[in-house]
Amino acid sequence: MAHHRPETLTGAPLGRESAYPEHYDAGLLYPIERAANRAPLGIEEGALPFDGEDEWHAFELSWLNARGKPIVAVARFRLPARSPRLIESKSWKLYLNSFNQSRFASTDEVIQLLERDLAEAAGAAVGVEVFGVDDPALTPRSLPGECIDDLDIEIADYTPSAAHLTVGEEIVEETLHSHLLKSNCPVTGQPDWGSVMIRYRGPKLDREGLLRYLVGYRQHQDFHEHCVEHIFTDLMARARPERLLVLARYVRRGGLDISPWRATPGERPPEPLRLARQ
């Protein structure tokens, strides 16, 4: 598949060779307007059809204490879906690495800087938690619900097609998941591997069609966040559920993983939930 660099990344110093920063630099963060990717889905800013967050884990967070001794930690960030901008992941990695040789008086000072810088880049408050590397909160778990990956189906279409999504007359409440999600990074063209969970109440989804639809993202080029929004809007349009939650847990790359979720108002994901591949 040919790699296409979207207009939102024109002029961005991303996906190219970059020297790692030696000292803290908030200017490394590269925000991207969400609106350009939402418009083709019929999503208007100010009238979002979902609640949600982009949950990130950073496994390569380190800084020096006041005496020059290294501190290592894992951070969890919660970026609201209502924020006007997302933050490109490589720029986020470079920004976090700018802490490596900088001295800070305390963990609280680091958290305050992270909250300030990320909120300024995203245009909304960003939740920040910092954990020790052995914290039980980071223990991997499994996705709830039934896995549909063992369905014996033939697939020939590797682009997203909502036509695969069909429903019956029976009203059900169920949770399904798949580990076969893959899309491609719009910055580098590299593969992004993930798992996706769908929890809904409404007309029963045809599982074979759902799996074909999800595998259809295999050659799709987009950010993780917008893939989840694409799945959510297609399911709402084709299945018309009363309630819906779409949550993706993408595999860690460059020390960062991202787990966006989008849901009808009132729905919340199970938490905390980190998978073994992350």
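The values are calculated or read from the model by the stated rules, or taken from the named source; none is laboratory data. Bear in mind that the values here come from a model prediction, so they are computed numbers and not experimental data. Because the Cβ atoms are built from the backbone with ideal geometry, glycine has one as well, and the counts that use them run over all protein chains shown. Note: areas computed on protein heavy atoms with side chains; ligands, DNA, RNA excluded. Shrake-Rupley method; radii C 1.70, N 1.55, O 1.52, S 1.80 Å.
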Across segment 46-68, the tally of residues that are more than 15 Å from residue 231 (Cα to Cα), in a strand (DSSP E or B) and open to solvent by 50 Å² or more (accessible area, probe 1.4 Å) stands at 1
Considering every residue within segment 240-261, establish whether at least one is more than 17 Å from residue 89 (Cβ to Cβ), among the charged types (D, E, K, R) and crowded, with 20+ Cβ neighbours inside 10 Å.
-> no
Residues of segment 155-195 satisfying the condition of being buried (at least 20 other Cβ atoms within 10 Å of the Cβ), out of contact with any strand residue (DSSP E or B) (no Cβ under 7 Å at 6 or more places or on another chain) and without any contact (Cβ under 8 Å) to a residue 60 or more places away in the chain = 164
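Out of segment 69-90, which residues are under 19 Å from residue 222 (Cα atoms) and open to solvent by 40 Å² or more (accessible area, probe 1.4 Å)?
Listed by number, the residues that qualify are 82, 84, 85, 89, 90.
The rows are residues; the columns are (1) of a type in the set (D, E, K, R); (2) modelled with pLDDT under 95; (3) in a loop (DSSP other than H, G, I, E, B).
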| residue | (1), (2), (3) |
| --- | --- |
| 130 | no, no, no |
| 157 | yes, yes, yes |
| 172 | no, no, no |
| 175 | no, no, no |
| 201 | yes, no, no |
| 204 | yes, no, no |
Taking interchain pairs and intrachain pairs at least six residues apart, which have beta carbon atoms under 6 angstrom, with the first residue in segment 207-233 and closer than 18 Å to residue 251 by Cα and among the charged types (D, E, K, R) and the second open to solvent by 10 Å² or more (accessible area, probe 1.4 Å) and outside any helix (DSSP H, G or I)?
-> 218/158; 218/182
